[in-house]
Every structure is written in structure tokens, then in C-alpha cells.
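Here is the structure we will look at, set down as C-alpha cells.
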Amino acid sequence: MKVCYNKLWKKLIDLKMRRVDLRDAAHISTCSLAKLGKDENVSMEVLKKICSALHCNVGDIMDILPEDDKNINRK
């Protein structure tokens, strides 16, 4: 499964926040912010901090997508 944080970036736009504002408000590292920007996995602790800072639920900031597996349809 892959993660996608497009909802997070849209939420920041709606809140007129920059990524560094999120980093400071949620007390997360620059490394964690970079991982989010690359749609990489981050810890649940990071996600909880973001949700707490933005007063939202994890489903409001991310999606979990299925992997594109070309072997699925093979018989």
C-alpha cells in the first residue's frame, strides 16, 4: 500500500499555512516533513502530532492507496 498526503497539502492551503508553519505547530522534524512531501511513510506519532495541531482526523490528511501491481491480473 502507498500513502498520499495530498489532503494535507490542500488543508494547509485552506488554512493559509506553509509547510514550515506546520512543522513548527506540530513540532515535527524537517526530515519528517520531507518524507511527507515525498509521500513516504512516517510514524503514527508524527501523524498524531499533525492531527492535533490541525484539529483533524488522520483521514483528513492522508489516503492509503493500493500498489500498482502488474502481476495481479496474471493467471
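One table, with the values for the structure above:
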read-out	value
Identity of the residue in the range 55-75, open to solvent by less than 100 Å² (accessible area, probe 1.4 Å), part of a loop (DSSP other than H, G, I, E, B) and modelled with pLDDT under 95, that ends up farthest from VAL3 (Cα to Cα)	ASN71
Matching option when the condition is at pLDDT 95 or above, exposed (fewer than 13 other Cβ atoms within 10 Å of the Cβ) and outside any helix (DSSP H, G or I), among GLU45, GLU40	GLU40
Search result, residues across the range 1-30 that are open to solvent by 80 Å² or more (accessible area, probe 1.4 Å) and more than 12 Å from the chain's Cα centre (by Cα)	MET1, ILE13, ASP14, LEU15, LYS16, ARG18, ASP24, HIS27, THR30
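The values are calculated or read from the model by the stated rules, or taken from the named source; none is laboratory data. No experiment lies behind these values; they were computed from the predicted model shown. Ideal geometry is used to build each Cβ from the backbone, glycine not excepted, and the neighbour counts take in all protein chains shown. These accessible areas exclude ligands, DNA and RNA; they are computed on the full protein's heavy atoms, side chains included. Shrake-Rupley method; radii C 1.70, N 1.55, O 1.52, S 1.80 Å.
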